Amino acid sequence: MAYAPSKSRKISRKEPKEPNLIPIMNLFIVVIPMLMTMMVSVHLAMLEITLPTPSGGGGSEEIEQKEEPPKEIMLALFPDKFEISIEGSEDVIKIPILENTHNYMELHNKMGELKLVHERQQTVKIIPDPNVKFDTLLRSVDICKGNGFPNITYSTIQKKYYRVGKK
């Protein structure tokens, strides 16, 4: 004997309800104005600058003195000494260690003297040896910055190897 279909079977054949979009719309109504109030607007300003034109010829002869760019100062850090060299100079300032520690006071004095001679120089190139302790590097950078050299560049010691071969 056959039975009639159950009530749960009849309910499942109904069409699905439409989703309630009111909470989502309320969220966008609140979120979009809030985001717009947090938006940062950029203000532009235009400045009129008149640069001097180079005089092409004529009556006044002005001798323009071109300033030389500052000479590069290099500080080499070794486990047993500091070496300071200046671009174009053959002289190298060597500061040996004192009782198993680097002579930071002498480095401070020499960097101060260099700043007096090379006032426009802002950069020191530091070349640390691979065997130098990190503390020595940090102290050297602090000394350079304390003496008016705010820009520090780093370089490594480069070794070149050549292969001698038979022809």
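The values are calculated or read from the model by the stated rules, or taken from the named source; none is laboratory data. Here the structure is a predicted model, which means the values were calculated and not measured. Because the Cβ atoms are built from the backbone with ideal geometry, glycine has one as well, and the counts that use them run over all protein chains shown.
Looking at segment 104-138, which of its residues are of a type outside the set (D, E, K, R), outside any helix (DSSP H, G or I) and more than 28 Å from residue 69 (Cβ to Cβ)? Write out each step before concluding.
Initial filter on segment 104-138 (of a type outside the set (D, E, K, R)): 104-105, 107-109, 111-112, 114, 116-118, 121-124, 126-128, 130-132, 134, 136-138.
With outside any helix (DSSP H, G or I) added as a condition, the list becomes 118, 121-124, 126-128, 130-132.
Once the filter is applied, which keeps residues that are of a type outside the set (D, E, K, R), outside any helix (DSSP H, G or I) and more than 28 Å from residue 69 (Cβ to Cβ), segment 104-138 yields 130, 131, 132.
Of all residues in segment 83-101, those satisfying the criterion of being more than 29 Å from the chain's Cα centre (by Cα) and on the phi > 0 side of the Ramachandran plot are 99, 100.
Results for (1) exposed (fewer than 14 other Cβ atoms within 10 Å of the Cβ); (2) in contact with a Phe, Trp or Tyr (Cβ under 6 Å, 6 or more places away or on another chain); (3) modelled with pLDDT under 90, shown as yes or no for each residue.
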site: 82; (1), (2), (3): no, no, no
site: 96; (1), (2), (3): yes, no, no
site: 99; (1), (2), (3): yes, no, yes
site: 108; (1), (2), (3): no, no, no
site: 118; (1), (2), (3): no, no, yes
site: 131; (1), (2), (3): yes, no, yes
site: 151; (1), (2), (3): yes, no, yes
site: 160; (1), (2), (3): yes, no, yes
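Could you check, for segment 49-67, whether at least one of its residues is surrounded by fewer than 17 Cβ atoms within 10 Å (Cβ to Cβ), modelled with pLDDT of 90 or more and not β-branched (Val, Ile, Thr)? No - not one qualifying residue is present in segment 49-67.
Can residue 70 be described as surrounded by fewer than 10 Cβ atoms within 10 Å (Cβ to Cβ) and at pLDDT below 90?
Here the answer is no, as residue 70 does not meet what is asked.
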